[in-house]
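Undergrad: Can you read through this structure? Questions will come right after.
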Amino acid sequence: MKEFRSAKKRAPVSVGESVRILRELQGFSQNQLAKLSGVPQATLSAIENDRIRLGVERAKVLARALRCHPAVLVFPGWEVPIETAA
């Protein structure tokens, strides 16, 4: 079996961008996500534009609404090394 190389990060993604990307992939507007999560639309806008920090509690609430793990929002671009079998 050939060895695999992990993919290289091509473009840095901020926490706010990860929220926006996941929101758009789910097909939600900021207003829709605000209703689903209980996070005000103005706060969502500020998070997506990296004007305020996401924070752990908001990450949990938004992750539940976006049906993903909170780490996906908090650690965008996290690389997991792939170990190869000897």
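Undergrad: Can you tell me the length gained on complete extension of the stretch Thr43 to Phe75, counting 0.36 nm per residue apart and subtracting the Cα distance?
TA: 9.6 nm
Undergrad: Most exposed first by the Cβ proxy, i.e. fewest other Cβ within 10 Å, how do Glu3, Glu24, Glu17 rank?
TA: Placing the least packed residue first, the sequence is Glu3, Glu24, Glu17.
Undergrad: Can you give the extra length, in nm with one decimal, that the chain gains between Glu17 and Asp50 once fully stretched, where that is 0.36 nm per residue apart less the Cα-Cα distance? Intermediate results must be reported in sequence, preceding the final value.
TA: Values: separation 33, 0.36 × 33 = 11.88 nm, distance 0.80 nm.
Net length gain for the segment: 11.1 nm.
Undergrad: Still on this structure, please answer the following. Between Glu57 and Lys35, what FRET efficiency follows from the Cβ-Cβ distance if R0 is 25 Å, with the result rounded to 0.05? Please report the intermediate quantities before stating the final value.
TA: On the way: r = 18 Å, r/R0 = 0.73.
With a Förster radius of 25 Å, E is 0.85.
Undergrad: If you don't mind, there's one more thing I want to ask. Could you list the square roots of 5 times each eigenvalue of the Cα gyration tensor of the stretch 15-74, that is, the equivalent ellipsoid semi-axes, sorted largest first and rounded to whole Å?
TA: Ellipsoid half-lengths, sorted descending, are 13, 13, 11 Å.
Undergrad: What net charge do the residues around Arg64 carry, taking every other residue with its C-beta under 14 Å from that of Arg64, with Lys and Arg at +1 and Asp and Glu at -1?
TA: Working: positive: Arg23, Lys35, Arg58, Lys60, Arg67; negative: Glu57.
Every neighbour counted, the sum reads +4.
Values in this text are rule-based calculations from the coordinates and carry no lab data. Because the structure is predicted, anything quoted here is derived from the model rather than measured. Counting neighbours? That spans all protein chains shown, and the Cβs are built from the backbone with ideal geometry, glycine included.
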